[in-house]
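Report on one structure; see the data block that follows.
None of the figures in this text is laboratory data; all of them are computed from the coordinates on show. These numbers come from a predicted model, not from an experiment. Cβ coordinates were reconstructed from backbone atoms using ideal geometry, including for glycine residues, and neighbour counts include every protein chain displayed.
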Amino acid sequence: MPKILKKNIKWTVVFLLLYCYGCYKKADSHKQVFRMNMAEGLETTDPAFSKNQNIIWVDHMIYNTLISTDSNLHIVPSLAKSWTVSDNGLVYTFHLRTGVYFQDNPAFPGGKGRKMTAQDVVYSFRRIMNPATASSGAWIFNGKVYPDTGFVALNDSTFQLKLIKPFHPILGILTMPYCSIVPHEVVEKWGKDFRRHPCGTGPFEYKYWDEGQAMILVKNPHYWEFDSAGHRLPYLDAIKITFIASKATEFLLFVQNELDFMKDLNASYKDEILTKSGKLQKDFEGKVILMKKPFLNTEYLGFLVDTNNALIKNSPIRLKDFRLAVNYGFDRSKIAMYLKNNTVIPAYGGFIPAGLPSYDTSKVHGYRYDPVLARKYLAEAGFPEGKGLPPITLYSTEEYADISNYVANQLQQIGITANVNIQQIGMLREMAAKSQAPFFRADWMADYPDGESFLACFYGKNPAPPNYSRFSNPVFDRLYEKALTENNDSTRYILYQRMDSIILANAPVVPVYYDESVFFIHPWVKGLTNNAMELLDLKRVRIVKE
């Protein structure tokens, strides 16, 4: 039995269990109920503010977008059954499904949900751009679409999106939960409290939310999707979400079969459940299913490379050879094995992570641990064996202190002294945005499934974020601008790979690893799928207990 199971459960935990599960305990034996926990909590259900994973997951349960991504990141129809693109790449015409209804809500006459139309799409997208909304997603359309003329309802079932200039990744952007379709009546009725009264066209509808404690979503009986046998989705009757902050407690509840699902590998239990090679420990074989898939997130160390910045004018960081020495100076595979239990992929490619079609280490050659080569570049930078090299500071956060200290210790062996300075995550992000951190730990997660989402971090005309390194290269910028207008996928991927190779050659960053999505489920959970955007899709999930 894992050690953590031998610990006594505090009375406060018992109270939470009784509170969160007791009200619906009887329903569990008769209904299909999926039980999960969100340790980080939930701020809102308003898709205009779907800025973190928990909000994204809940919004994906309640709402739909015009188009979505499947398990292989292919863009597929959703509320739009088909679409066309004009020859000049400026006009996207979407043909909507008819017979799709919003969920019941007191804002509608008689409380019954009405039919969704193209005008709802116009309203939803304009709402994102409206400064009064203060949406965290306003950036997705800013500079790409004029709010007054860019969204047009030609009729009830035809919507047009008109771009200011061609931008091929726009289809990926439209899959984001920010682009969920909402009814104006419900938003207007509840105002700022719409965050607690969601209403969409998705497979599940809102039933109950005691903030910080629990949320209940129930099956939308009028959902528009059917399976291949003609059965209406979803299969589940309800989803129960608790908000217990302790990941150790979440793990305990999972192994006691009180939760059906658990996400990620936490330091408090990682060695209890997984071996260093990333396999289930024997205690869990046959009792738990491990699901792993590349997740579009790159963990990296960033350098500030703006030579006009006073912080690096006399710093070794300004020297490309020094930055190359750092890149070759530590073992990524050991970080993956000993610190992450092989639930990540060592970054042997560029900045674009595994999981995207443009990722190809045979064409984009990244860095591997090579202390001989690291010392060579250090000498070419003017610091043979580290002689005359001043200490540098690596700014990091508590969560990544172990990784940062490991890198620092290995760099010490080739002659580079790196002192790890721990900051609060918000402070470090602010320091990087203000160019106050010459060497910093960071990560970049895809906003949409396209390599451009990562390469934007190095486009010279972009501010920070996303260009925290202040990297500027005219060849890179020309390729980036060309890729935005390229409709042929194969040609665009070649452009992406050329840009990624430029990044590696200039070393404004140190790719450390690419994330993997890690799900743990019990054998009775059937039909759960995942994709590299780590989008939790429950509409085809069943609970089948023997």
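For the range 294-515, the convex hull spanned by the alpha carbon atoms encloses 111 Å³ per residue.
Given +1 at the Cβ of Lys and Arg, -1 at the Cβ of Asp and Glu and no other charges, the dipole of the range 294-515 around its Cα centre is 660 debye to the nearest 20. Any chance you could tell me what percent of the C-alpha pair distances in the range 64-199 go past 24 Å? Beyond 24 Å sits 28 percent of the P(r) for the range 64-199.
With kT/(6 pi eta Rh) evaluated at 25 °C and eta = 0.890 mPa s, and Rh the Kirkwood radius from Cα pairs, the chain diffuses with a coefficient of 97 µm²/s according to Stokes-Einstein. Stretch E430-R232 to full length: gain in nm at 0.36 nm per residue minus the Cα-Cα span? In short, 66.5 nm is gained.
With neighbours defined as other Cβ atoms within 10 Å of a residue's Cβ, the residues R114, R127 order from fewest to most as R114, R127. Taking packing as the residue-averaged number of other Cβ atoms within 10 angstrom, the listed peptides 392-404, 59-71 run from highest to lowest as 59-71, 392-404.
With unit charges on the beta carbon (Lys/Arg positive, Asp/Glu negative), name the residue among L495, L428, N309 whose Cα is farthest towards the positive pole of the charge dipole of the chain. Farthest towards the positive end: L428.
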